[in-house]
Amino acid sequence: MRSTRLPDRIRVSVVMAAAAMLVPVVSVTGPAVAGAESTAAAAPLTNLAHLDFLGDEVTPPEQEGHTTYDLAAQPSLGVLWTYADARDGGTFERVGGGEYDPVTDTWSQGAFNADDVSRAAIVYLRHWQQFDDTSSRDTAFDLLRGLTYMQTVSGPNTGNVVLWMQPDGTLNPSAEPVELPDPSDSGPSYWLARTVWALGEGYAAFQDADPAFAGFLQDRMNLSLDALDRQVLIRYGEYQTVDGLQRPAWLIADGADASAEAVYGLAAYVEATGDTRARAALQQFSEGIALMSAGDARTWPFGAIQPWALSRSVWHSWGDQMSGSLARSSAVLDDESLLDTAIRQNANLTPHLLAGSGPDHSWQPGPTNRSQIAYGVDATMQNLLAVSEESGEASFRDLAGFAGSWYFGNNPAGEPMYVPETGVTYDGVEFNGDINRNSGAESAIHGQLSMLALDATPAVALASQAAQQRSRVSWQLLEAEDGRLSNAATVVTPESAWTGEAEYSAGSYVELEPSGWVRNTVDLPVAGRYLLMPVFNRQEVPLTSVGTRSLIGRSPAGVVSHGGAGEQGVSAAPGYLDVGTSQLATAVAAGPNAVQTFYVGDGTTAQLDAVLVQPEVEWLVVSGGGHTRALLKSFAVLQRSATIAVPGEGNVLVSVYDNQGRLTARTWKSGDIVTVTLEPGGFTIAQR
């Protein structure tokens, strides 16, 4: 039975219950890049064939409150099937959402949805502009007409958007299973945010090519702004308490992720029109997104912009377009502080993510869902490219090559997730290497958005195809409940792993009382310095009243307090799951080591979910076509060095970046084994 498609925020909660090879990316303007452009131009990676296959046309019946551009003269609308299930012989069957009723030819959700229609329109808009393709212009026109038909144009829900449409064009405002808001046009939503994205880019593209249609899109943007003003931005300047933290109350669906997609559209629209109301909305949403930044180079979530205002715990790669949208907004609004926030994530969390397990679906805050999908990969890569473009730092383009390599084999399966000959992007890969070989709309869309970006940056495209993993040294997760428990230590398995705002990894945790401890075993890949990062429930008790201390072998780390959570406020549960950081006092040997975590405190019970064992310096090495690229990330507070294998021919170019992505040194080294320097909290890239 296929999983049904739920709204993004609800879906998170439910999930919780080869081409020519590498030219080194020396700089964004140097000879290596110029040479790469002439090589890559002959063979674009973008291929819209599978996305075209998902496309369709409908002629909807008359429905109150819904119309679109020139409907009487052009009654057919462009739409997109939601799923494509793999069939024998490499073929696919187009499928809708939920259960199918052959008698009525309907799906319990629908065949087509506004989320995918809006994002597909963006693919065709960008393809038209990038390749001067008139067919893509026509498809974008058809899809924008279909999308705007789904927008409500009269009544109390004016400006909002119905999510689902049946095969005959009938709208389904109340899907099964229930999605929020219900009816789907009764409040602010992800699909409203994505409609704003499509309208903004659509207007900018059509303003000269078809002024009449652009004028229509402008009218619909104004309806969207009306809806955002009365439902969301009316709360601008208000804050809500979330476990002691003040979070903005004016994000779409309480989501920085949803709001970021609207920001992309508003930025394009403001740049094209200078519209003052849209500019104000762009500034307000950008400000709210920036306020969701948290942590630093060593503190969870490591400078990331968190996606959901109602949780201090959650981060996920899917829809993580916040930093890229802020980089874009910073240019339109001439606000460097927005770019600084975007840089913080991409210079700290992102290299850690890429050197570690890759763009995992979600950390909440332990790695609770390590499947990986194109939506997360594309967001990661687009963020890096946007920040590079606006900051001028080549470091982020260098990192984008590692992000893009997921499509070509740098993933848990070690196999390509994108097929250039057909345009198919597979629906995802599990951490154990199992590939979901279906290719639905979301995967096809974000795969093509990535390929368009790679075709526009040929050196990054070539770097992305260095995709076969040679080595990886990064974090390991030790589940507390899998360890040997002693004294006052008890495994607790709650009815649901999802707390309403976070999730216990593997569904259980360990309660520790005075004298309680947990003992795990870890097989360390290399000798050296390590950090121990307990995942635990931070409670509403004094900061020092409860905590844990961990050690590897005989090397202790510092105490991590489990207290200090503030007032619960609007969050779903008191306290919140958090990740601590403590440094081992000395280096430890490679091989099997005991990891012990002890209770520290005055009697308050500690709740320990897991312990992450984090090398102070982590790295990933990938290769292909006789070339190799290595990414090293430091969690140290002092400058460090590391020795790694970078096999291949020729010398190794080593670029050293600080924790803001700024180049501090660039050298050439010889030999297969090289020693490189890392700045505190920074990252280094070695490539040949």
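The values are calculated or read from the model by the stated rules, or taken from the named source; none is laboratory data. What you are looking at is a predicted structure, and each value in this text was computed from that prediction instead of being measured. Cβ atoms come from the backbone with ideal geometry, glycine included; neighbour counts cover every protein chain shown.
Are there any helices (runs of 4 or more DSSP H) wholly within the stretch 111-228 with 1 or more residues that are under 18 Å from Glu271 (Cα atoms), under 25 Å from the mean Cα position of the chain (by Cα) and not acidic (Asp, Glu), and if so which?
Values: elements: 114-131, 134-149, 190-209.
In the stretch 111-228, the matching helices (runs of 4 or more DSSP H) lie at 114-131, 190-209.
Considering the stretch 327-351 alone, what residues qualify as being of a type outside the set (Gly, Ala, Ser), over 14 Å from the mean Cα position of the chain (by Cα) and in a helix (DSSP H, G or I)?
Passing the criteria: Arg328, Val332, Leu333, Glu336, Leu338, Leu339, Asp340, Thr341, Ile343, Arg344, Asn348.
Among the residues of the stretch 363-395, what is the count of those that are under 30 Å from Asn537 (Cα atoms) and either surrounded by 24 or more Cβ atoms within 10 Å (Cβ to Cβ) or not polar (S, T, N, Q) (or both)?
14
Output the residues belonging to the stretch 397-435 that are out of contact with any strand residue (DSSP E or B) (no Cβ under 9 Å at 6 or more places or on another chain) and not in a loop (DSSP other than H, G, I, E, B).
Within the stretch 397-435, Arg397, Ala400, Ala403, Gly404 meet the criteria.
Could you list, in sequence order, the residues of the stretch 78-108 that are at positive phi and either outside any loop (DSSP other than H, G, I, E, B) or buried (at least 16 other Cβ atoms within 10 Å of the Cβ) (or both)?
Within the stretch 78-108, Gly89, Gly90, Gly98 qualify.
Based on this model, can you work out whether Thr499 counts as at pLDDT 95 or above, assigned by TED's automatic domain parsing to the domain that holds Phe598 and either surrounded by fewer than 19 Cβ atoms within 10 Å (Cβ to Cβ) or out of contact with any Leu (no Cβ under 6 Å at 6 or more places or on another chain) (or both)?
When the stated conditions are applied, Thr499 passes them.
Considering each of Glu481, Glu513 in turn, give the residue that is within 30 Å of Ala590 (Cα to Cα) and among the acidic types (Asp, Glu).
Glu481
Select, from Gly603, Gly566, the only residue that is on the phi < 0 side of the Ramachandran plot and assigned to a loop (DSSP other than H, G, I, E, B).
Going through Gly603, Gly566 in turn, the sole match is Gly566.
Every residue in the stretch 562-595 that is farther than 22 Å from Ala527 by Cα and surrounded by fewer than 21 Cβ atoms within 10 Å (Cβ to Cβ), please.
Gly563, Gly564, Gly566, Glu567, Gln568, Gly569, Val570, Ala572, Ala573, Pro574
Checking the structure you have, find out if any residue of the stretch 195-205 is in contact with a strand residue (DSSP E or B) (Cβ under 7 Å, 6 or more places away or on another chain) and within 24 Å of Gln130 (Cβ to Cβ).
yes
Taking the stretch 632-643, which residues are in a strand (DSSP E or B) and surrounded by fewer than 24 Cβ atoms within 10 Å (Cβ to Cβ)?
Pass one, the stretch 632-643, residues in a strand (DSSP E or B): 632-634, 640-643.
Within the stretch 632-643, Arg640, Ser641, Ala642, Thr643 qualify.
For the stretch 602-611, does any single residue satisfy the condition of being under 34 Å from the mean Cα position of the chain (by Cα), closer than 30 Å to Ala466 by Cα, modelled with pLDDT of 95 or more and not assigned by TED's automatic domain parsing to the domain that holds Gly409?
No; the residues of the stretch 602-611 include none that is under 34 Å from the mean Cα position of the chain (by Cα), closer than 30 Å to Ala466 by Cα, modelled with pLDDT of 95 or more and not assigned by TED's automatic domain parsing to the domain that holds Gly409.
Of all the residues that make up the stretch 596-611, how many are closer than 24 Å to Gln476 by Cβ and either among the small types (Gly, Ala, Ser) or surrounded by fewer than 24 Cβ atoms within 10 Å (Cβ to Cβ) (or both)? Before you say what the answer is, go through the steps one by one.
Within the stretch 596-611, the first condition is being closer than 24 Å to Gln476 by Cβ, and the residues that meet it are 596-600, 606-611.
Remaining after also requiring either among the small types (Gly, Ala, Ser) or surrounded by fewer than 24 Cβ atoms within 10 Å (Cβ to Cβ) (or both): 596, 598, 600, 606-607, 610.
Number of matching residues: 6.
One residue is enough: does the stretch 484-491 have a residue meeting the conditions surrounded by fewer than 23 Cβ atoms within 10 Å (Cβ to Cβ), within 25 Å of Gly528 (Cβ to Cβ), in the same structural domain as Ala645 (by TED's automatic domain parsing) and not β-branched (Val, Ile, Thr)?
The answer is no; no qualifying residue exists.
From Ser286, Ser293, Ser259, which residue is modelled with pLDDT of 95 or more and within 30 Å of His562 (Cα to Cα)?
Ser293
Which count do you get for residues in the stretch 228-261 that are within 19 Å of Gly65 (Cβ to Cβ) and surrounded by 24 or more Cβ atoms within 10 Å (Cβ to Cβ)?
Of the stretch 228-261, the ones within 19 Å of Gly65 (Cβ to Cβ) are 228, 230-231.
Next, from what is left, pick out any that are surrounded by 24 or more Cβ atoms within 10 Å (Cβ to Cβ): 228.
Counting residues in the stretch 228-261 that are within 19 Å of Gly65 (Cβ to Cβ) and surrounded by 24 or more Cβ atoms within 10 Å (Cβ to Cβ) gives 1.
Here's the yes/no breakdown for (1) buried (at least 19 other Cβ atoms within 10 Å of the Cβ); (2) within 16 Å of Ala204 (Cβ to Cβ); (3) β-branched (Val, Ile, Thr):
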{"residue": "Ala114", "(1), (2), (3)": "yes, no, no"}
{"residue": "His127", "(1), (2), (3)": "yes, yes, no"}
{"residue": "Asp138", "(1), (2), (3)": "no, no, no"}
{"residue": "Tyr149", "(1), (2), (3)": "yes, no, no"}
{"residue": "Ser154", "(1), (2), (3)": "no, no, no"}
{"residue": "Met165", "(1), (2), (3)": "yes, no, no"}
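Mind listing whichever residues of the stretch 659-688 are surrounded by 20 or more Cβ atoms within 10 Å (Cβ to Cβ), assigned to a loop (DSSP other than H, G, I, E, B) and under 25 Å from the mean Cα position of the chain (by Cα)?
Asn659, Gly661, Gly681, Gly682
Being at pLDDT 95 or above, surrounded by fewer than 15 Cβ atoms within 10 Å (Cβ to Cβ) and in contact with a Gly (Cβ under 8 Å, 6 or more places away or on another chain) narrows it down to one residue among Pro61, Pro75; which is it?
Unique residue meeting the criteria: Pro61.
Taking Pro75 and the conditions (1) in contact with a helix residue (DSSP H, G or I) (Cβ under 8 Å, 6 or more places away or on another chain); (2) assigned to a loop (DSSP other than H, G, I, E, B), which numbered condition does it fall short on, given that it satisfies the others?
(1)
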